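Worksheet for the structure shown next.
The values are calculated or read from the model by the stated rules, or taken from the named source; none is laboratory data. Here the structure is a predicted model, which means the values were calculated and not measured. Here the Cβ positions follow ideal geometry from the backbone for every residue, glycine too, while neighbour counts run over all protein chains shown.
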Amino acid sequence: MLAAIVSVLFKPIRAGIAVFMAVAALFGGIFGFEKADISHKKDGCLASFAVISDTHLTEANGRREVLEIGLEDMSKAKDRLDAFVVDGDITDNGEPAVWESFVLAMSKYDISDNNIMVIGNHDTWGSDDPAVTKENFIKYNKLATGREITEVYYKTEINGCPAIILGSEGDHVSATVSDTQIAWFEEQMEAASQTGKPIFIFFHQPVNDTHGLPYTWEMNKDDGPGTGGIGDASDRILGIIKQYKNVFFISGHIHAGFSTDDDNTVYSSVERYDGYTLVNTPCYMYSDFLRGGNFLNGTGYVVEVYENEVIFRARNFISGIWQPKYDAVIELVK
Ligand SMILES: [Fe+2]
């Protein structure tokens with residue numbers, strides 16, 4: 001019954017979006033955005049994927065429908081995506097009923113052959129027992145994506161590019177990363193580096209003290225170093241990343257919108273370092289404008305890999321517009 005009511009309520013919202021999209025198509029260029037379906041920016045794209053984060057699904061309202069608008073946008077891509085990633089906090093509370101809601105949403109749209117789920121801190125809150133949390137993640141990963149995993153961390157590839165998924169094995173805001181996971185990560189990075197391709201790492205929590213952290217976590221100047229980041233394992237993970245080149249570490253968690261060095265000194269979505277790049281994906285469901293940047297919900301990136309560069313293309317998947325102001329082009333190191 002509730003689902004039927006929500007569905008009816010969303011019809012005018014969808015109509016409103018359609019009007020907005022029509023206006024955006026006519027006047028978008030004036031305001032720095034561009035209405036267009038998802039397709040490669042240029043010829044020669046070797047791999048492409050969409051990444052969103054913090055969908056925070058609940059049972060109580062229409063968040064699944066908000067997610068579905070974005071999934072529909074991705075499913076209509078003119079150039080089919082090679083992967084789709086949700087970078088953690090897929091659910092608001094990790095309860096099975098909410099995981100089921102995600103499975104339902106995913107079942108409706110054919111986005112890619114490689115849909116990737118990352119565990120976030122909210123996804124670990126369905127039980128006080130981390131073993132139950134892990135089992136839920138494994139179970140609903142299989143149901144939503146068809147993937148068989150045995151841990152919350154695993155690997156895949158995106159059209160030949162290594163993709164390494166890391167995740168917390170505990171139930172705190174910061175991540176619990178076992179020595180076993182760290183050792184596994186080290187092995188995977190060494191193997192990935194042999195491919196000569198860019199390496200993508202997905203972890204819900206950002207590297208400590210990046211993207212404006214610790215301040216951007218709760219906008220509290222008293223928060224100490226490490227707040228809002230990976231936590232204790234951060235230095236070890238970053239130490240491994242630094243040993244390789246063309247590494248892209250993609251996180252969520254902060255709930256900030258797109259921001260660049262140009263328009264905000266507190267926070268930047270993309271941080272470039274020698275050999276590696278840190279990218280923080282906005283909160284899809286409700287970005288917090290207090291942190292600066294673009295606070296519209298429904299945002300994330302389409303990432304395109306080319307021979308000599310990787311392009312992060314900022315997109316609002318709800319309204320179907322590109323936001324090139326927040327794009328980042330990262331040249332690959334040879
Ligand atoms: Fe979140």
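Data for the structure
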{"item": "Test: residue in region 321-328 that is touching a helix residue (DSSP H, G or I) at 6+ places or on another chain (Cβ under 8 Å) and not hydroxyl-bearing (S, T, Y)", "result": "yes"}
{"item": "Conditions (1) within 15 Å of the ligand (Cβ to nearest atom); (2) buried (at least 17 other Cβ atoms within 10 Å of the Cβ): number failed by V279", "result": "(1)"}
{"item": "Every residue from region 64-115 that is part of a loop (DSSP other than H, G, I, E, B), crowded, with 21+ Cβ neighbours inside 10 Å and within 16 Å of the ligand (Cβ to nearest atom)", "result": "D87, G88, D89, I90, G94"}
{"item": "Subset of region 246-256 [within 16 Å of the ligand (Cβ to nearest atom) and surrounded by 24 or more Cβ atoms within 10 Å (Cβ to Cβ)]", "result": "I250, S251, G252, H253, I254, A256"}
{"item": "Matching residues in region 229-259 - criterion: being assigned to a loop (DSSP other than H, G, I, E, B), out of contact with any Asp or Glu (no Cβ under 9 Å at 6 or more places or on another chain) and closer than 23 Å to L332 by Cβ", "result": "N246"}
{"item": "Unmet requirement for F202, which otherwise passes all of (1) modelled with pLDDT of 95 or more; (2) more than 16 Å from the ligand (Cβ to nearest atom)", "result": "(2)"}
{"item": "From M219, M189, residue being under 28 Å from N297 (Cα atoms) and not charged (D, E, K, R)", "result": "M219"}
{"item": "Failed criterion for E157 (all others in (1) more than 24 Å from N280 (Cβ to Cβ); (2) assigned to a strand (DSSP E or B) hold)", "result": "(1)"}
{"item": "Residue within region 183-190 that is assigned to a loop (DSSP other than H, G, I, E, B) and in contact (Cβ under 8 Å) with a residue 12 or more places away in the chain present", "result": "no"}
{"item": "Hits in region 194-224 - residues which are under 18 Å from Y244 (Cβ atoms) and aliphatic (A, V, I, L, M)", "result": "I199, I201, V207"}
{"item": "Region 215-228, subset away from the ligand (no atom under 16 Å from the Cβ) and outside any helix (DSSP H, G or I), residue surrounded by the most Cβ atoms within 10 Å (Cβ to Cβ)", "result": "G226"}
{"item": "Looking only at region 272-296, and only at residues there that are over 16 Å from M219 (Cβ atoms) and not in a loop (DSSP other than H, G, I, E, B), the one that is modelled with the lowest pLDDT", "result": "N294"}
{"item": "Selection within region 297-315 - within 16 Å of the ligand (Cβ to nearest atom) and either assigned to a loop (DSSP other than H, G, I, E, B) or not β-branched (V, I, T) (or both)", "result": "N297, G298, G300"}
{"item": "Residues of region 46-63 satisfying the condition of being more than 16 Å from the ligand (Cβ to nearest atom) and of a type in the set (G, A, S)", "result": "A47, S48, A50, A60, G62"}
{"item": "Subset of region 116-137 that is in a helix (DSSP H, G or I) and either touching a residue at least 40 places away in the same chain (Cβ under 8 Å) or crowded, with 18+ Cβ neighbours inside 10 Å (or both) - its residue that is nearest to the ligand (Cβ to nearest atom)", "result": "H122"}
